[in-house]
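Visitor: There's a structure below that I have some questions on.
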Amino acid sequence: MCGVVGYVGDKKAQDFLISGLKRLEYRGYDSAGIVTLAEDGTPTLLRAQGKIVNLEEKLAKNKRDDKIGIGHTRWATHGEPSENNAHPHRAGDIFVVHNGIIENYKELKEQLKEHEFKSETDSEVLAALINSFYHGGKYNLADAVVQALKLVNGTYGIAVVSTKNPDEMVVARSGSPLVIGVGNDETLIASDASALVGHTKRAIYLNDGEVAVITKDSIEIKTLNAEPVSAKVEEIETNLAAIQKGGYEHFLLKEIMEQPESLTETLRGRVNVENGTVRLGGPGLTEAELRKIKHLIIVGCGTAYHAGMLAGYYIEQFTPEITIETVIASEYRYRSAYIPKDSVALIVSQSGETADTLACLREIKKQGVKTIGIVNAIGSTIAREVDGGTYVHVGPEISVASTKAFTSQVIAMVMFGLTIAQAKGVKSNILRPYVEEIAKMPEEIRKVLSSVGDEVKGVAKKYCEYEHAIYLGRDTAYPTAMEGALKLKEISYVDANAYAFGELKHGPLALVDDRFFEVALIPRGHLYEKSLSNVQEVLARGGHVLAVTNADDIGLSVDSVVKITTSLEIFAPILMNLVSQLFAYYVTVAKGYNVDQPRNLAKSVTVE
Ligand code: AGP
């Protein structure tokens, strides 16, 4: 997510703004900017695409002694990464930095005709909206911010300054964190406390719906309804690394545990439970084009490939007369595959920069096939080269092992499949169960993550000495098993491979001996009994089985069982994958390996 910093005090604002933004670099970003105000209100606005070093080059020629300013690192959501779209955004006499997503920015923009928009961002709309109340003097800065925020749907963590009053800053939050650092003759703000370390140990964490007016020696907090809030000053963690990982020991665990929030961002504004429908604006396909689709090709590498495979299993369950082929990009790009008429290709990539996936996209486009991106990194190469797309909005995924992106990629593709089915007139009673389970999923993920952690940690210790593992699943649990095996393999270096349960007797069963342990994913459902009988085959040959299930009692004497409790039936495998993610994490921790940067691997494979 974006980084926000602000300073008002007796020192040079530019110094803290740059150092604070550097502290937030770990969150990932594509552009940055700062604005400071002189005593007479004269602004110095500096913005640059790319890394903060580009901003520093501009700063070197624009040094100021200004004592107030705000800054931002942008992780693009609306509008490509560019200097023009970088924050701070100006509207009249005010400057705004914003972290979050303004969902109703298009409607608001329609009402702000008098503002000459210079960017494609939702954040500039927020700046213009605040200014629409501020200019002309009808409201002071704080009240203008409040009036504007009352009209906003979405999330925000913002800081606002005005050239008319260069002694005060207004900050506010709803859904995007903001912390106020209490200093001596200075007040600092940031989107996370890591920017404050070394400047102060005293901080006030704003709560959703609160607005604060800060000066160098005062902090006044109110709710949007003007109710005074008594500020609670807390001691901040001084361990920088701990803060950047949200208090978790590794980014991987942070990213596993933040899946309720990251999936919520993926679903935001796209699911209508009342109607039992979904709406995706990004693909840009008309109802008629959706109705015509007869063939889906889903392209990806690694985890993205597994997400595509799992999504394909789901889509074919509810979409008639569609054939679905999920392919590994590095293979498909060299095949001479004929792509039938009325095909659409889903191009899946967290980074949006994977060389094989990009090359495959270009090959597919040569055949005139419409391409839809399922991407996380906004403005990435793949996101720019597809014909349309759906961003998964999970925020930066720092750990090499992909976790939160997988969950959101699957659901984003299932939602795309639902839009096809809706256009094809599939009855709502068939689609509604999928929509209802998708809507419930963030909460179900939260329940599972909060209940299995210690148990999985214990189980991981039991298996961390093994060098070989077999993951097993059937139907939607099979791509899930593939993803689980990849997770374990890529960070713990255990030789883990996945097989469809039904394939065991065609070869893999020969592997079963004391060198191996088996992870069996056994969701309730019409194939549950079949999977149990496969597990019995493994046990009969001395297998060491860890069963992951949502069934009450599998009735088999396996080595270990991790049971998940969930109301989800259709998407239970996605919740079972959380167990695989945590299992891989804790096995790796037990082995003492580098969880976030495993050997030989990169987060984005931009080479072929
Ligand atoms: C997954 O944990 C791995 N890091 C890797 O397989 C990854 O999924 C693959 O390289 C694809 O990356 P992308 O989603 O950024 O295209």
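The values are calculated or read from the model by the stated rules, or taken from the named source; none is laboratory data. Note that this is a predicted model, so its numbers are computed, not measured. Every residue, glycine as well, gets a Cβ built from its backbone with ideal geometry; the counts of neighbours run over all protein chains shown. For accessibility, only protein heavy atoms count, side chains too; no ligands or nucleic acids. Shrake-Rupley method; radii C 1.70, N 1.55, O 1.52, S 1.80 Å.
Visitor: For the range 68-188, what is Rg from Cα atoms divided by 2.2 N^0.38 Å, rounded to two decimals?
Guide: 1.00
Visitor: Separate question: Have a look at LEU546, ALA60, THR323 and report the one farthest towards the positive end of the charge dipole of the chain, computed about the Cα centre with Cβ charges (Lys/Arg +1, Asp/Glu -1).
Guide: Ranked along the dipole, the leading option is THR323.
Visitor: Enter the mean projected area of the convex hull around the alpha-carbon atoms of the chain, in nm², rounded to one decimal.
Guide: Convex hull of Cα atoms, orientation-averaged projection: 28.1 nm².
Visitor: Give me the 1.4 Å probe accessible area per residue for the chain, excluding ligands and nucleic acids, in Å².
Guide: 39
Visitor: Just the number, please: percent antiparallel of the DSSP beta bridges in the chain, rounded to the nearest 5.
Guide: Percent antiparallel among DSSP bridges in the chain is about 60.
Visitor: Determine the dipole magnitude for the chain: charges of +1 sit on the beta-carbon of Lys and Arg, -1 on that of Asp and Glu, nothing else is charged, the reference point is the Cα centre, and the result goes in debye to the nearest 20.
Guide: My answer is approximately 860 debye.
Visitor: If you take all C-alpha pairs in the range 111-162, what percent of them are over 18 Å apart?
Guide: The share of Cα pairs beyond 18 Å in the range 111-162 comes to 26 percent.
Visitor: Ordering THR566, THR277 by how much accessible area each has at a 1.4 Å probe, largest first, what is the list?
Guide: Greatest to least solvent exposure: THR277, THR566.
Visitor: Would you mind listing how long the range 126-251 runs along its three principal axes, going by Cα atoms, in whole Å with the largest first?
Guide: 49, 33, 25
Visitor: Once neighbouring chains are kept in place and the probe is 1.4 Å, which whole percent of the accessible area of the range 56-171 is contributed by carbon and sulfur?
Guide: Carbon and sulfur: 44 percent of the exposed surface of the range 56-171.
Visitor: Note down the relative contact order for the chain as a percent, whole number, built from C-alpha pairs under 8 angstrom at least six residues apart.
Guide: Worked out over the chain, it gives 11 percent.
Visitor: Tell me, what % of the accessible area of the range 251-340 is carbon and sulfur with a 1.4 angstrom probe?
Guide: Summing carbon and sulfur atoms, their accessible area is 51 percent of the total for the range 251-340.
Visitor: In addition: Tell me, what does the Kirkwood hydrodynamic radius of the range 427-531 come to in angstroms if you use every pair of distinct C-alpha atoms?
Guide: Roughly 15.6 Å, rounded to one decimal.
Visitor: For the chain, with the dipole built from +1 on Lys and Arg beta-carbon atoms and -1 on Asp and Glu ones, taken about the Cα centre, which of ILE204, GLY425, THR480 lies farthest toward the positive end?
Guide: Result: GLY425.
Visitor: Take the alpha carbon gyration tensor of the range 191-293, find the square roots of its eigenvalues, order them as a ≥ b ≥ c, and report rounded if a/c is under 1.5; if not, report prolate when a/b exceeds b/c, else oblate.
Guide: The shape class here is oblate.
Visitor: Tell me, in nm to one decimal, what length is gained between LYS341 and ASN239 on full extension, where the rule is 0.36 nm per residue of separation less the Cα-Cα distance?
Guide: Stretched out fully, the LYS341 to ASN239 stretch lengthens by 31.0 nm.
Visitor: Karplus couplings for the range 274-290 from phi (6.51 cos²θ - 1.76 cosθ + 1.60, θ = phi - 60°), rounded to Hz, Gly and Pro as x?
Guide: 4, 7, x, 10, 10, 9, 10, x, x, x, x, 9, 6, 4, 5, 5, 5
Visitor: Run through all the Cα pairs of the range 19-69 and give the fraction in each 10 Å bin from 0, expressed as whole percent.
Guide: 25, 52, 21, 2
Visitor: Also, I was wondering about something else. How large is the direction-averaged shadow of the alpha-carbon convex hull of the range 336-413, in nm²?
Guide: Computed as one quarter of the Cα hull surface, the answer is 5.3 nm².
Visitor: Loop-only chymotrypsin sites (Phe, Trp or Tyr not before Pro) in the range 431-493, please: DSSP not H, G, I, E or B, and at most 10 other Cβ atoms within 10 Å.
Guide: none
Visitor: Suppose only helical runs count, i.e. DSSP H with n ≥ 4. What mean residue ellipticity at 222 nm does that imply for the chain under -39500 (n - 2.57) per run, divided by all residues and rounded to the nearest 500 deg cm²/dmol?
Guide: Taking each H run of at least 4 residues, the total per residue is -11000 deg cm²/dmol.
Visitor: Using a 1.4 Å probe over the heavy atoms of the protein chains, calculate the carbon and sulfur portion of the accessible area of the range 500-608 as a whole percent.
Guide: Ligands and nucleic acids excluded, carbon and sulfur give 51 percent.
Visitor: Pop out the Kirkwood hydrodynamic radius of the range 506-608 from its pairwise C-alpha distances, inverse of mean 1/r, in Å to one decimal.
Guide: With all distinct Cα pairs of the range 506-608 included, I get 15.6 Å.
Visitor: Please compute the volume of the convex hull spanned by the alpha-carbon atoms of the range 360-477 and report it per residue in Å³.
Guide: 185
Visitor: Just want to confirm a number: the relative contact order over the range 1-107, from Cα pairs under 8 angstrom separated by 6+ residues, in percent.
Guide: 34 percent.
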